[in-house]
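Here the structure is laid out as structure tokens; the discussion comes afterwards.
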Amino acid sequence: MKRVLITLFFFVLLIIIWAGLTGDLAAIGLDISLWSPYVLPPPSTVGHYLWDNTVNGKIPLSMLITLRRLLIGYIIGLVLGVPLGMLAARFRCINDTLGMLALGLQALPSVCWVPLACIWFGQTEAALLFVVIMGTLWSVLLSTQNGMKNVPPIYARAARTMGSSPLHTLIFVTLPASAPFVVSGMKQGWAFAWRSLMAAEIYVSVVSGFGIGQYLHYGRELQRMYQVIGIMFIIIAVGLLADKILFSPIESWLHRRWGTDKE
Amino acid sequence: MTQEKLHQEIHNFPTAKLSIEHVCKDFVTSRGTVRALDNVSLTINEGEFVCFVGPSGCGKSTLLNIIAGLEKPDSGMALIDGTPITGPGRDRMVMFQEHALFPWLDVIGNVMFGLKQKPNLTDKERLEVAKYYLYLVKMDRFAHANIHELSGGMRQRVALARSLAPNPKILLMDEPFSALDAMTRERLYGDIQDVWEKRRKTIVFVTHNVREAVCLGSRVVLFSPHPGRVREEFPVYLARPRNINNHDLADLSQSITSALKGYTASESD
Ligand SMILES: Nc1ncnc2c1ncn2[C@@H]1O[C@H](COP(=O)(O)OP(=O)(O)OP(=O)(O)O)[C@@H](O)[C@H]1O
Ligand SMILES: [Mg+2]
């Protein structure tokens with residue numbers, strides 16, 4: 001409880017400083033506007049922007065569009081990445097080929113795929129999905145492979161002596177045994193997917209739907225810094241919420257089961 | 001009906017006879033070839049409790065793994081009731097030196113793992129059987145505990161229940177208690193003798209500890225290294241349940257130990 005209060009206090013303090021420096025606190029005699037509102041708008045303007053556009057449904061709609069892209073791309077990345085990672089862990093020739101490719105491509109920030117994606121797919125949903133998948137796939141593949149390789153061989157031996165077939169061992173022993181690695185890979189994949197999608201949406205305008213990233217882009221075009229900052233807040237919030245809602249419960253369950261609790 | 005089937009499942013004690021015939025096994029490493037087993041022959045009768053003793057590197061684990069079907073001999077063969085062993089099977093369960101329990105399953109989930117591979121049982125019956133074996137090793141109160149919450153001795157008891165639950169004919173144990181303290185080990189000696197009295201399985205038990213071997217086994221087989229060979233066999237006629245601090249037991253251990261020392265000394269000369 002005390003820790004929550006400290007965190008809360010810290011963020012309130014940040015906002016007060018921001019408000020103080022941008023003229024929001026003029027009413028109580030604190031008026032040190034260091035920057036023009038075109039450069040750094042006050043929190044009240046950003047708040048207004050977020051509120052108005054939430055009420056009129058623009059932000060919720062674009063969130064829906066963005067999250068749909070994110071989920072579809074992410075899931076495709078997982079569905080490809082986990083089995084390919086398993087294959088790479090199991091067969092040396094796949095490790096030497098696909099594994100090396102993954103290692104190389106993982107080093108490439110996924111925004112670098114944007115120019116190619118635009119040429120290959122045009123300004124379409126497919127281009128955005130492609131970038132998200134490229135962002136997710138390789139890191140998920142590599143962490144699955146790494147997880148499977150780190151499974152102590154004694155588990156598979158024990159399973160075999162209990163009459164478990166090779167396929168059964170793979171699904172019911174090696175995969176759960178590597179779960180801590182795979183889940184942290186999934187989490188990393190999610191973070192990469194989110195970053196990739198934002199990059200792609202900022203660069204690529206797609207007629208089929210106006211996503212969050214595109215609002216950010218047009219905020220800049222139209223010199224509306226309050227819009228840019230408001231959207232940045234939303235992007236941060238989505239990232240944080242996904243972490244707390246999607247991954248934290250799974251991770252804490254794993255920690256409890258494995259006894260790897262840090263606290 | 002189910003009750004009867006359960007009773008059958010639990011109170012039917014299959015055992016088997018093991019024959020090891022002229023088994024040789026080499027390991028090729030970058031530093032050369034190691035002869036882990038050199039023409040080893042051995043017969044283990046139904047319901048016998050045999051302990052393998054010998055210095056490190058004399059091939060005890062290798063032979064156990066061959067019986068388990070995890071390794072293949074280079075020549076010779078291992079037979080179970082006259083049938084050659086070609087791979088792992090549900091008629092032989094292994095208990096390893098480290099517990100090898102699965103941390104993603106709870107205690108009962110671990111015991112259920114082997115049972116789930118066994119056909120002709122409903123899930124409800126499997127659960128009953130698993131509970132029975134947890135009770136047998138005195139771990140029934142911890143059925144839903146996570147593995148990391150158990151002490152080393154408790155883990156080995158769960159591992160024992162997991163190996164017993166599918167009702168194998170043969171139980172193979174590779175230094176299962178070596179990581180435990182003396183007190184816990186003594187308690188487990190009692191438990192394992194108790195289980196053997198009740199279940200009458202064929203048990204092959206590998207250990208470094210001569211006293212442990214004499215305390216548990218109906219026969220102690222001595223191995224010598226470089227190359228791995230069966231050197232001598234000692235039947236143990238002491239009454240059960242045996243206490244490891246018993247006088248006669250200590251005397252017998254003493255004579256086995258000196259035999260062991262005798263040929264490890266000549267070996268290293
Ligand atoms: N996988 C392997 N690769 C290479 N050499 C091996 C392998 N397994 C065993 N050996 C060698 O075979 C010999 C017998 O090994 P084994 O593990 O059967 O000995 P052990 O009697 O069980 O020893 P310990 O009492 O120390 O467990 C040893 O010299 C060992 O170095
Ligand atoms: Mg060994």
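The values are calculated or read from the model by the stated rules, or taken from the named source; none is laboratory data. This one's a predicted model, so the numbers in the text were calculated from it and none came from an experiment. Cβ: placed from backbone, ideal geometry, glycine included. Neighbour counts: every protein chain shown. For the accessible areas, the whole protein counts, side chains as well, though only heavy atoms, and no ligand, DNA or RNA atoms are used. Shrake-Rupley method; radii C 1.70, N 1.55, O 1.52, S 1.80 Å.
Considering region B:102-145, and only residues there that are acidic (Asp, Glu) and free of Cβ contacts under 8 Å to residues at least 24 places away in the same chain, the residue that is farthest from the other protein chains (Cβ to nearest Cβ) turns out to be B:Asp140.
Quick check on my filter: what residues within region B:64-84 are within 13 Å of chain A (Cβ to nearest Cβ) and within 17 Å of B:Asn45 (Cβ to Cβ)?
Initially, region B:64-84 is screened for residues within 13 Å of chain A (Cβ to nearest Cβ), giving B:64-71.
Correct list: B:Ile67 only.
Residues in region A:208-259 that are more than 14 Å from every other protein chain (Cβ to nearest Cβ) and of a type in the set (Ser, Thr, Tyr): A:Ser208, A:Tyr215, A:Tyr218, A:Tyr226, A:Ser248.
Taken together, B:Pro241, B:Pro235, B:Pro227 contain a single residue that is loosely packed, with under 15 Cβ neighbours inside 10 Å, more than 11 Å from B:Val53 (Cα to Cα) and in contact (Cβ under 8 Å) with a residue 40 or more places away in the chain, which is B:Pro241.
Where strands (runs of 3 or more DSSP E) fall wholly inside region B:17-92, the ranges with 3 or more residues that are surrounded by fewer than 17 Cβ atoms within 10 Å (Cβ to Cβ) are B:18-29, B:32-44, B:75-80.
Do any helices (runs of 4 or more DSSP H) lying entirely in region A:112-191 carry at least 3 residues that are within 30 Å of A:Val204 (Cα to Cα) and β-branched (Val, Ile, Thr), and which ones are they?
Details: elements: A:114-121, A:125-149, A:153-161, A:166-169.
Because the criterion is at least 3 residues that are within 30 Å of A:Val204 (Cα to Cα) and β-branched (Val, Ile, Thr), the helices (runs of 4 or more DSSP H) in region A:112-191 that meet it are A:125-149.
Going residue by residue through region A:219-231, is there one that turns out to be in the same structural domain as A:Leu67 (by TED's automatic domain parsing), within 21 Å of the chain's Cα centre (by Cα) and either touching a residue at least 40 places away in the same chain (Cβ under 8 Å) or closer than 19 Å to A:Gly185 by Cα (or both)? The answer is yes; a qualifying residue exists.
Go through region B:137-166 and give me each residue that's under 20 Å from A:Thr161 (Cβ atoms) and assigned to a loop (DSSP other than H, G, I, E, B).
If the condition is that a residue be under 20 Å from A:Thr161 (Cβ atoms) and assigned to a loop (DSSP other than H, G, I, E, B), then B:Val137, B:Ala165, B:Pro166 are the ones that fit.
Might you check whether a residue that is open to solvent by 70 Å² or more (accessible area, probe 1.4 Å), within 16 Å of ligand 1 (Cβ to nearest atom) and not in a strand (DSSP E or B) occurs anywhere in region B:3-12? Taking every residue of region B:3-12 in turn, none turns out to be open to solvent by 70 Å² or more (accessible area, probe 1.4 Å), within 16 Å of ligand 1 (Cβ to nearest atom) and not in a strand (DSSP E or B). Of all residue pairs spaced 6 or more apart or on separate chains, those with beta-carbon atoms under 6 Å, a first member in region B:52-63 that is within 14 Å of chain A (Cβ to nearest Cβ) and a second member that is within 8 Å of ligand 2 (Cβ to nearest atom) are B:Ser61/B:Asp174. Of all the residues in region B:71-98, those that are away from ligand 2 (no atom under 13 Å from the Cβ) and acidic (Asp, Glu) number 3. The combined condition, being open to solvent by less than 50 Å² (accessible area, probe 1.4 Å) and touching a residue at least 12 places away in the same chain (Cβ under 8 Å), is fulfilled by A:Leu105. Within region B:232-254, does at least one residue satisfy the condition of being farther than 20 Å from B:Thr15 by Cα, within 16 Å of ligand 2 (Cβ to nearest atom) and away from every other protein chain (no Cβ under 14 Å)? No: region B:232-254 contains no residue that is farther than 20 Å from B:Thr15 by Cα, within 16 Å of ligand 2 (Cβ to nearest atom) and away from every other protein chain (no Cβ under 14 Å). A:Leu30 satisfies every condition listed in (1) open to solvent by less than 50 Å² (accessible area, probe 1.4 Å); (2) not assigned by TED's automatic domain parsing to the domain that holds A:Glu125 except (1). The number of residues in region B:181-212 being open to solvent by less than 60 Å² (accessible area, probe 1.4 Å) and within 16 Å of ligand 2 (Cβ to nearest atom) comes to 7.
Scanning region A:33-50 for residues that are open to solvent by less than 90 Å² (accessible area, probe 1.4 Å) and not hydroxyl-bearing (Ser, Thr, Tyr) turns up A:Pro37, A:Leu40, A:Pro41, A:Pro42, A:Pro43, A:Val46, A:Gly47, A:Leu50. Residues that are away from ligand 2 (no atom under 16 Å from the Cβ) and at pLDDT 90 or above occur at least once in region B:53-70. Does any residue of region A:119-129 turn out to be buried (at least 24 other Cβ atoms within 10 Å of the Cβ), within 13 Å of the chain's Cα centre (by Cα) and more than 14 Å from every other protein chain (Cβ to nearest Cβ)? No, there is no match, as no residue in region A:119-129 is buried (at least 24 other Cβ atoms within 10 Å of the Cβ), within 13 Å of the chain's Cα centre (by Cα) and more than 14 Å from every other protein chain (Cβ to nearest Cβ). When B:Leu101, B:Leu171, B:Leu121, B:Leu134 are checked against the criterion of being more than 16 Å from ligand 2 (Cβ to nearest atom), assigned to a strand (DSSP E or B) and open to solvent by less than 30 Å² (accessible area, probe 1.4 Å), a single residue qualifies: B:Leu171.
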